[in-house]
Amino acid sequence: MNLIIDGGTVVTMSPKGTIKNGIIVIEDDRIIDVGKSRELKHRYSGYEKIDAEGKVVIPGLINTHQHAAMSLLRGYADDFPLQEWLEKWIWPLEKHMTGHDIYVGALLTAIESIMGGTTTINTMYHYVEGGNEAQAFAKAGIRGTVGHVCFSWRKDEDRKALRALASDWHGKADGLIRVSVDPHAAYTVDPEYMKELKTFTEELNEKYGSHNSPIMWHTHAAETDDEPEKIKRAFNLSFKGSVIEYLDSLGVLGENVLAAHCVSLTPKDIKILKERKVKVSHNPISNLKLASGVSPVPNLLKTGVTVALGTDSPCSNNSSDMFEVMKVAAILHKGVCKDPTLLSAEQVLRMATIEGAKALLWDQQIGSIEIGKKADLAIIDFKKPNLRPLFKEVSHLVYAVKAADVETVLINGKVVMENREVKTVDVGKVLETAEKTKESLLDRLVEEKK
Ligand SMILES: [Zn+2]
């Protein structure tokens, strides 16, 4: 489809900065031109047009840490410490989730994400052939890196799932879907298996990946202070130092590794992350809700580590709203460090867009509004009481915009939401199915306990 988005303010997140009365020209899935409307408009007559007057266009937001299917468990268990929350509540119920449940949960998250201006999700969950997150993302038309989460207690199952995931989905759905290998964490994946998964990822990359479209590693690291103790207890190990040092000693850290959380870090860890080019996904709302602590993000940024943002799962957040995450990220570190100059609005918006793309090694194609990139865009209505008066768009985007202010969303050049109407799926039906699916999941848990 040939399309122009005309008359809005375009926040490019590229060296072109913010363009007032801008125009974005899209052919098929790509942006072919961007600039001032009066300079470019006459060259593109006959194109379909979205009138963006009074609106702000941004690159679609990139959520770098999610467990999309877990929306089915939203609000099921709150206000517990991480270990108790996982072991007593989440894992026993998740055990009963089928492929169908995973699909429904992921579809619900995809819809919520699109309606909040998120166009790419990096998700870690169980890959089940016949019902999974990749299918749900493809159906909703959202971009994503879909992983399979690996645990020591099910190695054979993991290997099989990873092979199927890579061959069925990497680069599929018009390039919307990429896949990743996801060791859950250093305390649930033993050191030998961790190393094996590294080699396994290399093998999968040789077969299915490419330099421009690699199969990544997505893991949880240093989420809480007691993680080294948990690793030692789980695998009867003794080692000195932090989780990051431990992972580095296994030789698994590298530029295709995305580590979620990185809350409990020493200055030495930050140096290692920088040297190994590990990408960090900062999840401030989840970390606060689970009382894990606060990641030293200002120091990571100062050292030059790529830091992106994530919501984490819809039951540790409990929403998939990246605007909320941006605002909390921007104010949290100011408060903790008593320094209002930390994490400026501009920097935080970068973390949710272009830095998110870098963290997923996808920045050649997404993360900014530039010629040649994929047309993944969110159009936000600024004619709202919470967005007037207007001094600087970037300030409002981080501190004042709500997910509900997002009006229209394009992914891969396709309009997936127009004037808040999702085009790819019947939202009402999905909400109904999600409620039924939750009920039947609870029934199975009750049945097991009988
Ligand atoms: Zn997580």
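Out of all the residues in segment 139-157, which are closer than 17 Å to ASN205 by Cα and free of Cβ contacts under 8 Å to residues at least 24 places away in the same chain?
none
Which one is nearest to the ligand (Cβ to nearest atom) among residues in segment 55-71 that are closer than 24 Å to MET216 by Cβ and part of a strand (DSSP E or B)?
Looking at the filtered set, the residue picked out is HIS65.
Taking the conditions exactly as written (open to solvent by 90 Å² or more (accessible area, probe 1.4 Å) and in a strand (DSSP E or B)), does LYS20 satisfy them or not?
Criteria met by LYS20.
For ARG74, all conditions in the list (1) of a type in the set (Lys, Arg); (2) more than 16 Å from the ligand (Cβ to nearest atom); (3) within 17 Å of SER286 (Cβ to Cβ) hold save one; what is the number of the exception?
(2)
Failed condition for GLY8, given (1) of a type in the set (Gly, Ala, Ser); (2) free of Cβ contacts under 8 Å to residues at least 40 places away in the same chain; (3) in contact with a Gly (Cβ under 7 Å, 6 or more places away or on another chain), with all others met?
GLY8 satisfies all of (1) of a type in the set (Gly, Ala, Ser); (2) free of Cβ contacts under 8 Å to residues at least 40 places away in the same chain; (3) in contact with a Gly (Cβ under 7 Å, 6 or more places away or on another chain) except (2).
Tell me yes or no: at least one residue of segment 177-189 is at pLDDT 95 or above, open to solvent by less than 10 Å² (accessible area, probe 1.4 Å) and part of a helix (DSSP H, G or I).
The answer is no; no qualifying residue exists.
Which of the numbered conditions does GLY131 fail, given that it passes all the others? Conditions: (1) within 14 Å of the ligand (Cβ to nearest atom); (2) outside any strand (DSSP E or B); (3) modelled with pLDDT of 95 or more.
GLY131 satisfies all of (1) within 14 Å of the ligand (Cβ to nearest atom); (2) outside any strand (DSSP E or B); (3) modelled with pLDDT of 95 or more except (1).
Just to be sure I understand the filter: pairs with C-beta atoms under 8 Å, separated by 6 or more residues or on different chains, first member in segment 264-292 and over 18 Å from LEU86 (Cβ atoms), second member within 16 Å of the ligand (Cβ to nearest atom) and of a type in the set (S, T, N, Q). Which pairs pass?
LEU265/SER295; LYS279/THR64; VAL280/SER295; SER281/THR64; SER281/ASN122; HIS282/SER295; PRO284/SER295
Do you know which residues across segment 314-332 are part of a loop (DSSP other than H, G, I, E, B) and of a type in the set (Gly, Ala, Ser)?
Hits for segment 314-332 are SER316, SER319, SER320.
Any residue that is in contact (Cβ under 8 Å) with a residue 40 or more places away in the chain, outside any helix (DSSP H, G or I) and either surrounded by fewer than 19 Cβ atoms within 10 Å (Cβ to Cβ) or within 16 Å of the ligand (Cβ to nearest atom) (or both) - is there at least one of those in segment 190-203?
No, every residue in segment 190-203 fails to be in contact (Cβ under 8 Å) with a residue 40 or more places away in the chain, outside any helix (DSSP H, G or I) and either surrounded by fewer than 19 Cβ atoms within 10 Å (Cβ to Cβ) or within 16 Å of the ligand (Cβ to nearest atom) (or both).
Any residue at all in segment 78-93 that is modelled with pLDDT of 95 or more and not in a strand (DSSP E or B)?
Within segment 78-93 (the criterion being modelled with pLDDT of 95 or more and not in a strand (DSSP E or B)), the answer is no, since none of the residues qualifies.
Taking SER242 as the residue in question, decide whether it is more than 29 Å from ALA378 (Cα to Cα), in contact with a Ser or Thr (Cβ under 6 Å, 6 or more places away or on another chain) and modelled with pLDDT of 95 or more.
When the stated conditions are applied, SER242 passes them.
Can you report the number of residues in segment 282-329 which are hydroxyl-bearing (Ser, Thr, Tyr), open to solvent by 10 Å² or more (accessible area, probe 1.4 Å) and within 16 Å of the ligand (Cβ to nearest atom)?
The total comes to 2.
Evaluate segment 224-245: report whether one residue or more is among the polar types (S, T, N, Q), within 16 Å of the ligand (Cβ to nearest atom) and either in contact with a Cys (Cβ under 9 Å, 6 or more places away or on another chain) or not in a loop (DSSP other than H, G, I, E, B) (or both).
no
When ASP51 is evaluated against the numbered criteria (1) surrounded by 15 or more Cβ atoms within 10 Å (Cβ to Cβ); (2) modelled with pLDDT of 95 or more; (3) under 30 Å from GLY428 (Cβ atoms); (4) not hydrophobic (A, V, I, L, M, F, W, C), which criterion, by number, is the only one it fails?
(1)
Only one of these conditions is not met by PRO340: (1) in contact with a helix residue (DSSP H, G or I) (Cβ under 6 Å, 6 or more places away or on another chain); (2) surrounded by 24 or more Cβ atoms within 10 Å (Cβ to Cβ). Which number is it?
The single condition PRO340 does not satisfy is (2).
Which condition breaks for ILE215 when tested against (1) closer than 30 Å to ALA329 by Cα; (2) open to solvent by 20 Å² or more (accessible area, probe 1.4 Å)?
Failing condition for ILE215: (2).
Looking at (1) in contact with a His (Cβ under 9 Å, 6 or more places away or on another chain); (2) surrounded by fewer than 21 Cβ atoms within 10 Å (Cβ to Cβ); (3) not acidic (Asp, Glu), which is the only condition ILE380 fails?
(2)
How many of the residues making up segment 258-273 are more than 16 Å from the ligand (Cβ to nearest atom), touching a helix residue (DSSP H, G or I) at 6+ places or on another chain (Cβ under 6 Å) and not acidic (Asp, Glu)?
2
Suppose the filter is of a type in the set (Lys, Arg) and open to solvent by less than 20 Å² (accessible area, probe 1.4 Å); does LYS392 pass it?
So LYS392 does not fit the description; no.
The values are calculated or read from the model by the stated rules, or taken from the named source; none is laboratory data. The structure presented is a predicted model; accordingly, all values stated were derived computationally and were not measured. Quick reminder, even Gly has a Cβ in these numbers, built from the backbone with ideal geometry, and neighbours come from all protein chains shown. What goes into the accessible areas is simple: the full protein's heavy atoms, side chains included, and nothing from ligands, DNA or RNA. Shrake-Rupley method; radii C 1.70, N 1.55, O 1.52, S 1.80 Å.
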